[in-house]
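Shown next, in structure tokens, is the structure this report addresses.
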Amino acid sequence: MSEGRVMSDGAAAGRRSVVSKVLIANRGEIAVRVARTCREMGLATVAVFSDADADALHVDVCDEAVRIGGPAPADSYLRIDAILDAARRTGADAVHPGFGFLSENADFARAVLEAGLVWVGPAPEAIAAMGDKLEAKRRMADAGVPLLPSVDLGDSSPGDDDLAVLAGEVGFPLMVKAAAGGGGKGMRVVRSADDLGEAVAAAQREAVGAFGDGRVFLERYVEAPRHVEIQILGDRHGTVVHVFERECSIQRRHQKVIEESPSPVLTDEVRSAMGAAAVAAGEAIGYESAGTVEFILDASDPSAPTFAFLEVNTRLQVEHPVTELVTGLDLVRLQLLVAMGEPLPFAQTDLEQRGHAIEARLYAEDPANGYLPATGTLHAFEPADVDGVRYDAGVRSGDVVSPHYDPMLAKVVAWAPTRGEAAARLARALERSVVHGVRTNRDLLVAILREDAFLAGDTTTDYLPERYPTDEARGFAPAAGAIEVASAAVTLASVASRPGPGDGAGAGVLATIPPGFANVPLVDQTVAYRVADEEVAVPWRRRRDGSFELGLGDRTVEARLVAVDDRTVTVELDGHRQRVRRSTVG
């Protein structure tokens, strides 16, 4: 195919970059999403893939693809040498890291630049500085960004008396946090001095095991805060702007589940102050590209909310689509232009929010069982067509959900003029999408989006553990009515498809005898299905007029099979007609 070229002279920064082919050093939905923008800009794309991803969607949507190793990330997507070799072999002149894997690895960024390639991200020095939480706090303090009280313990093991003194400077409750890494590792909440020594030792051990760095620090812990982040963009010409906020308070295990913009609680005054603090943070490290400054927001006193710096993510965020939908920007396009030396095409005063966007992360996991990842084959994956809803998916029907990688199937994002409409659109899109073959968190997401507390904007980081504890089924399982309709549909479709005359097993049966006929008409027949971990039995009896009596739960309904094909079963239950999507395995 012909390749486009995007060129900038980068005169003000003294750099010139020409890009015609971008290697995407990632997989799944982010690789698909980056490839889409590259295609719109006329740029060719190169995918990299592991043995487990040979047939993955991101491989097919790119122009070229290179196998880089075994299924484990350490053998493939974390191999700097293999990725750079793939760029050399294909003639790629730029590398986009996506998010996760090597996206915040300063050594990788440095290696890309040393290989003479364009790095689509911030400078390696900025990545390194923000990857060390202690160094990040020092930089933010110098820039005047609000911070929580904290004390650096390094990798030492102070005695109980010294710890008590240091903890007194911070105040209880406090959190022990690892200086390196993230994802909740090396973190402990401590509410009294009696538990502090053990928590410090445990956090240090976990930090060494996870990051090879045992340094920890103590930081004031805010009870039930909100997690609000500010999107920033910087260029090589010294400009840094903020692109408003995203609220990401609904989390499980420190991983975000639902994100939205704008936040339902920020006033214009607080939004302006947080935006200014984020810009100051970006300027303090000479930030280029797209990044996120994360804050803890204490809104326990609505009349005087306060916020404090948490960290800087030196990459594109999973939840970036909500910002795109409320601003009309393409953040990946802006990343690419900045990497080529272009100035940002707008000033801060040019940016505004419009409407409301909410994103839900659709995972292959079981919320009722500790959010354990689910694996298997996606027999059907068909996003619903709902106005104002965008799908960033990394899978399709027939794909295998592997145990080697994050189990996110897609980001489903809805935009609407109001928050309530956006929530309604997103819930409808989720429940109408077809996902067969693996367990997902879809029913939990739909329950959240329709719950009164969420719709009222009452969302803190304690939202999920308080309202949907994993030892209770509320909100995790499909509604009983949905299971009944599906059971009825499968039963009637099964009865209708039973062999008849001339069908082998049905040979010799009179053509006038309907499927399921019993010569003792009052005797029920029963079929059984497994739904999740439970068996559902459906007794049925055929009437003379062609309708059926079905036992659904504790009630009996009059049922009619209206239509059936390879994809859909339409049934009528006590006069209520409904359609059920089906897929057949084998």
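The values are calculated or read from the model by the stated rules, or taken from the named source; none is laboratory data. The model shown is predicted, which means the values in this text are computed figures rather than measured ones. Note that we place each Cβ from the backbone using ideal geometry, even for glycine, and neighbour counts take in every protein chain shown. Quick note on the areas: whole protein, heavy atoms, side chains included, nothing else; ligands and nucleic acids left out. Shrake-Rupley method; radii C 1.70, N 1.55, O 1.52, S 1.80 Å.
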Label of the coordinate-derived value, semi-axes √(5λ) of the Cα gyration tensor in Å, listed as (1) 79, 30, 23; (2) 63, 30, 20; (3) 48, 30, 23: (3)
Relative contact order for the stretch 136-196, counting Cα pairs under 8 Å that sit 6 or more residues apart, in percent: 24
Could you give the angle, 0 to 90 degrees to the nearest 10, between helix 419-432's Cα long axis and the longest principal axis of the Cα atoms of the chain? 50
Ratio Rg/Rh [Cα only; Rh per Kirkwood] for the stretch 142-266: 1.03
Angle, helix 28-40 long axis vs. longest principal axis of the chain, Cα atoms, 0 to 90°, nearest 10? 70
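Please compute the length gained on full extension between Ser300 and His436, using 0.36 nm multiplied by the number of residues separating them and subtracting their Cα-Cα distance.
Gain on extension, Ser300 to His436, equals 44.8 nm.
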Using a 1.4 angstrom probe on the protein heavy atoms only, line up Leu444, Leu148 by accessible area, largest first. Leu148, Leu444
Mind pulling the angle between the C-alpha long axis of helix 480-496 and the longest principal axis of the chain? Nearest 10 degrees, somewhere in 0 to 90. 50
Percentage relative contact order, the chain, counting C-alpha pairs under 8 Å, at least six apart: 11
Backbone N under 15 Å from the Ser397 label point (7 Å along Cα→Cβ), restricted to the stretch 558-586: 565-569, 580-586
Please report Rg over Rh for the stretch 195-323, where both radii come from the alpha carbon positions and Rh follows the Kirkwood definition. 1.01
Is the stretch 412-456 best put as rounded, prolate or oblate by its Cα gyration tensor, with a ≥ b ≥ c the root eigenvalues, rounded for a/c under 1.5, and otherwise prolate when a/b is larger than b/c, oblate when not? oblate
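Per residue, how much space in cubic angstrom lies within the convex hull of the C-alpha atoms of the stretch 372-487?
Values: hull volume 14.6 nm³, N = 116.
Once divided by residue count, the hull of the stretch 372-487 is 126 Å³.
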Rotationally averaged projected area of the stretch 267-394 (alpha carbon convex hull; nm²): 11.7
Tell me the per residue accessible area of the chain using a 1.4 Å probe; a whole number in Å² is fine. 43
Going through the cross-link list Lys21/Lys256; Lys177/Lys256; Lys137/Lys256; Lys21/Lys177, which pairs have a Cα-Cα distance over 29 Å in this structure? Lys21/Lys256; Lys21/Lys177
Backbone N under 15 Å from the Val527 label point (7 Å along Cα→Cβ), restricted to the stretch 568-586: 568-572, 580-585
Binned Cα-Cα distances of the stretch 522-586, short to long, each 5 Å bin given as a whole percent: 4, 15, 20, 26, 23, 10, 2, 0
Could you list log10 I(q)/I(0) for the stretch 131-181 at q = 0.27, 0.32 Å⁻¹, which the Debye formula gives when each Cα is one point scatterer? -1.18, -1.29
In Å², nearest 10: area of Asp132 left accessible to a 1.4 Å probe: 30
Stokes-Einstein translational diffusion, the stretch 27-148 - Kirkwood Rh over all Cα pairs, 0.890 mPa s, 25 °C, in µm²/s: 158
Helix-only mean residue ellipticity at 222 nm for the chain, each DSSP H run of n ≥ 4 adding -39500 (n - 2.57), per residue, nearest 500: -8500 deg cm²/dmol
What would the Debye equation give as log₁₀ I(q)/I(0) for the stretch 40-88 at q = 0.23, 0.29 Å⁻¹, counting only Cα atoms as equal point scatterers? -0.79, -1.08
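Express the carbon and sulfur contribution to the solvent-accessible surface of the chain as a percent, rounded to the nearest whole number, probe 1.4 angstrom. Numbers along the way, then the final one.
Numbers: 12240 of 25360 Å².
The computed percentage sits at 48.
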Quick one: what are the phi-derived ³J(HN,Hα) couplings along the stretch 184-192, Karplus 6.51/-1.76/1.60 with θ = phi - 60°, whole Hz, x for glycine and proline? x, 7, x, 10, 9, 8, 10, 10, 8
